[in-house]
1. Using Cα pairs closer than 8 Å and at least 6 residues apart in sequence, work out the relative contact order for region 11-264, in percent.
2. What is the packing order of peptides 116-124, 104-112, taking the mean over residues of other C-beta atoms within 10 Å and listing the highest first?
3. If I take all pairs of Cα atoms in region 194-253, what percentage of them are more than 16 Å from each other?
4. Identify, among 247, 19, 218, the residue whose Cα sits farthest towards the positive end of the charge dipole of the chain, taking +1 on the Cβ of Lys and Arg and -1 on the Cβ of Asp and Glu, with the dipole about the Cα centre.
5. Compute the helix-to-body angle for 261-272: its Cα long axis versus the longest principal axis of the chain, expressed 0 to 90° and rounded to tens.
6. Can you pull the Kirkwood radius for region 11-264, inverse mean 1/r over Cα pairs, to one decimal in Å?
7. Do any of 148/235; 230/251; 134/246 go past 27 Å between their Cα atoms, and which?
8. In whole Å, what is the distance between the alpha-carbon centres of region 194-234 and region 19-35?
Amino acid sequence: MCVHFTLGANKQMKKTILITGAGTGIGKDSAFALARRGHNVIATTETEEQSLNLKEEIKSANIDLNVFKFDITNKKDHQKIENYNLDVLINNAGIGESGSLAEIDINKVRHNFEVNVFCSFEISQLVLKKMFDKKEGTIIFISSLAGKITMPFLGPYCMSKFALSSGAEAMRSEIHRVHKNIHVSIIEPGGYHTGFNQKNIAKKYVWMDEKSVFYPIIDQIKAKEDRQFKLTESKSTASIVGKIVKAAEAKKPKLRYSAPWWQAFGIQLLRMFGK
Ligand SMILES: NC(=O)c1ccc[n+]([C@@H]2O[C@H](COP(=O)([O-])OP(=O)(O)OC[C@H]3O[C@@H](n4cnc5c(N)ncnc54)[C@H](OP(=O)(O)O)[C@@H]3O)[C@@H](O)[C@H]2O)c1
């Protein structure tokens, strides 16, 4: 996916922006889009292999990005960013466990929270130290519309995104009491065809076998989720990347940004009717 924005960032608004999980998908597309707008982008990846691949892509795209391996669960990797003076942190790295909360190994749920929630806040705390010193900056959390409405058999992932959004909202209002120019924003993507959803829904079939109480309806579950993602996933990430760029560049970013609009609107309606 290639997002071209016509407006370049002018000198005054050029920002230093670090993105986690930028080896693939929405994170990678956002890194490219922000770099094309003239920002100083640090695109970090979970693995060395992703870093190497990303460096190759950057070369052929002829853009300038700083790339290195940064596994958000790895304490040694955390040291790599301690001295960075960032204007914007984009907490994009995420994973998704699936399967019923009636049966799933709770350690899988715990790990999902570790990556999506605890590590994202841990890294934000690290980055905030410098932001508190200079009294400005923006922390962005890539949450999900699944942090507003729950999908069956995706409970572990949805729970983690509810928690992430709730924590981000709390952090924003707390910081605003002491620093009016440090902002926290939540991005809520709907379905995007990055391969993320397919990877997540497949995870439960590794352990949801004949012993599962849901085994008799497993074909129904598969058919429904296939239908749902085929219907809802956007092929291009451009709409959500546009929102991430907006939040990163805004002087006073909003609390929430969602896309695609029709999914955000649908979720709003469902919630109005008590879902
Ligand atoms: N696609 C959607 O429909 C959708 C909808 C709502 C929200 N989101 C959110 O958007 C974000 C990006 O998702 P995506 O769709 O672009 O999927 P993606 O391509 O799988 O992006 C997630 C990235 O995070 C990386 N990651 C996982 N664990 C990490 C760790 N410990 N440290 C550093 N990086 C790690 C992944 O690396 P590996 O590939 O090695 O795992 C991957 O590069 C996620 O937070 C996701 O929850 C996506």
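What follows draws every value from the coordinates through simple rules; no lab data is involved. What you see is a predicted model; the values in this text were computed from it and never measured. Neighbour counts run over all protein chains shown; Cβ positions are idealised from the backbone, glycine included.
1. Relative contact order comes out at 19 percent.
2. 116-124, 104-112
3. 61
4. Positive-most Cα among the choices belongs to 247.
5. In the chain, helix 261-272 runs at an angle near 60 degrees to the longest axis.
6. 18.8
7. 230/251
8. 27
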